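Comments concern the structure below.
Throughout, read-outs are computed from the coordinates displayed, never taken from laboratory work. Source: prediction; values computed, not measured. We place every Cβ from the backbone using ideal geometry, glycine too, and count neighbours over all the protein chains shown.
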Amino acid sequence: MDLTLVGVGKKVGSQTWLYDMSLQPCSGAVTVLLGATQAGKTSLMRIMAGLDAPSHGDVKVNGCSVVGVPVRKRNVSMVYQQFINYPSMTVRDNIASPMKLGGEKNIAQRVNVLAEKLHIEMFLDRYPSELSGGQQQRVALARALAKGAPLMLLDEPLVNLDYKLREELRDELSALFAEGESTVIYATTEPGEALLLGGYTAVMDQGELLQYGPTAEVFQKPKSLRVARAFSDPPMNLLAASVVAAGVQLKGGPLLAMALPATSSGKLTVGMRASALRVHFQEGDVALPGKVELAEISGSDTFVHVDSLVGDLVAQLTGVHYFELGAQVSLYLSPDQIYIFDEQGMMLLAPVRGGGR
């Protein structure tokens with residue numbers, strides 16, 4: 001399916017839910033809508049599905065406008081945060097229902113394959129009321145995948161699952177999406193989920209589309225601070241700096257010897273991802289000494305909060321590490337992993353942006 005949004009916007013009363021945006025998701029691939037709660041992701045997906053009409057702009061499928069075409073006349077499948085299943089049907093019949101409507105063959109075999117991949121094969125003869133919330137959500141996912149619709153919309157489908165299962169299903173879903181031919185739109189608040197799913201990412205914030213392009217490119221070269229904030233978890237470390245003859249001078253800290261575009265001048269904002277900071281020196285690193293204010297272990301990572309000479313910093317270290325509060329520590333990072341924005345954060349100055357859409 002070739003889906004195109006042209007100048008789409010949405011107003012409800014005096015409130016603007018979606019500002020004018022144009023977007024053409026890559027056909028047959030995954031496009032992630034990434035943004036915080038109330039960024040506009042669900043509103044945009046409802047317009048794509050035909051559940052809501054835009055206040056202005058056009059939605060085209062294969063070059064033809066579908067604004068006003070009801071959702072029942074569109075070949076679309078959608079999974080919400082809150083699972084929706086047929087309560088009077090077993091899990092087996094729930095998954096099989098779209099295939100039966102489509103007159104498919106080998107239904108039983110396909111149901112078993114999907115159930116196994118989503119870890120619900122042992123529940124096929126149960127009813128939704130006999131399952132946990134996470135299990136019911138997996139049934140809804142299986143049914144959406146079984147439909148094989150050319151457009152599949154998933155609105156934070158894993159948010160109600162436990163951490164371990166989310167990690168497993170992300171890998172499974174990536175494989176299932178790759179096997180199919182559907183255009184997949186996947187909404188999430190988690191930058192890590194966008195990176196794992198790959199494909200393309202559209203970063204949204206407060207109803208605006210900020211940047212769209214290949215996921216790795218958007219992550220590596222966010223065009224503004226708003227994009228960098230939305231695509232960083234934990235939040236990107238931001239420091240004040242200024243342009244000097246030899247490069248970039250951090251306020252109260254070291255000089256970063258790096259070239260900037262000739263148009264840049266005056267004050268700057270320097271961004272450092274928490275995952276780029278280390279406690280072990282490597283050749284060419286910049287050192288940022290300070291003292292430990294807090295060290296917390298989360299999953300397989302340790303987050304170290306440091307009061308440094310350039311300001312408060314958070315480092316994300318792989319593995320379990322122990323630090324005494326108040327201990328002196330130096331954080332290190334490579335200049336290649338530093339982001340330079342203008343003072344207002346409206347433009348990325350370094351690294352130079354690529355050609356993301």
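General remarks:
- Antiparallel bridge percentage (DSSP; both residues within the chain; nearest 5): 75 percent
- Normalised by the number of residues in region 185-259, the average gap of Cα pairs under 8 Å and 6 or more apart makes the relative contact order 18 percent.
- Helix-only [θ]222 nm of the chain, DSSP H runs n ≥ 4, -39500 (n - 2.57) each, per residue, nearest 500: -7000 deg cm²/dmol
- Cα long-axis angle, helix 163-179 against the chain (0 to 90 degrees, to the nearest 10): 70 degrees
- Cβ-Cβ distance of MET122 and LEU294, R₀ of 45 Å, FRET efficiency by 1/(1 + (r/R0)^6): the value works out to about 0.55.
- Cα centroid separation - region 39-99 against region 200-254, whole Å: 33 Å
- Segments 168-178, 54-64 sorted - mean Cβ within 10 Å per residue, highest first: 168-178, 54-64
- Under the criterion of Cα pairs below 8 Å and six or more residues apart, the relative contact order for the chain equals 16 percent.
- Number of Lys-Lys pairs in region 3-223 with C-alpha atoms under 26 Å apart and a separation of 8 or more places or on different chains: 24.
- Here the extension length gained between PHE303 and GLN206 equals 32.1 nm, from 0.36 nm per residue of separation less the Cα-Cα distance.
- Gained length - VAL6 relative to GLU167, 0.36 nm times residue gap less alpha-carbon distance: 54.5 nm
- Point-to-point label distance, SER27-LYS60, nm (Cα→Cβ direction, 7 Å offset): 1.2 nm
- Those residues of region 195-234 whose amide nitrogen sits under 16 Å from the label point placed on ALA178, 7 Å along Cα→Cβ: 195-200, 215-216
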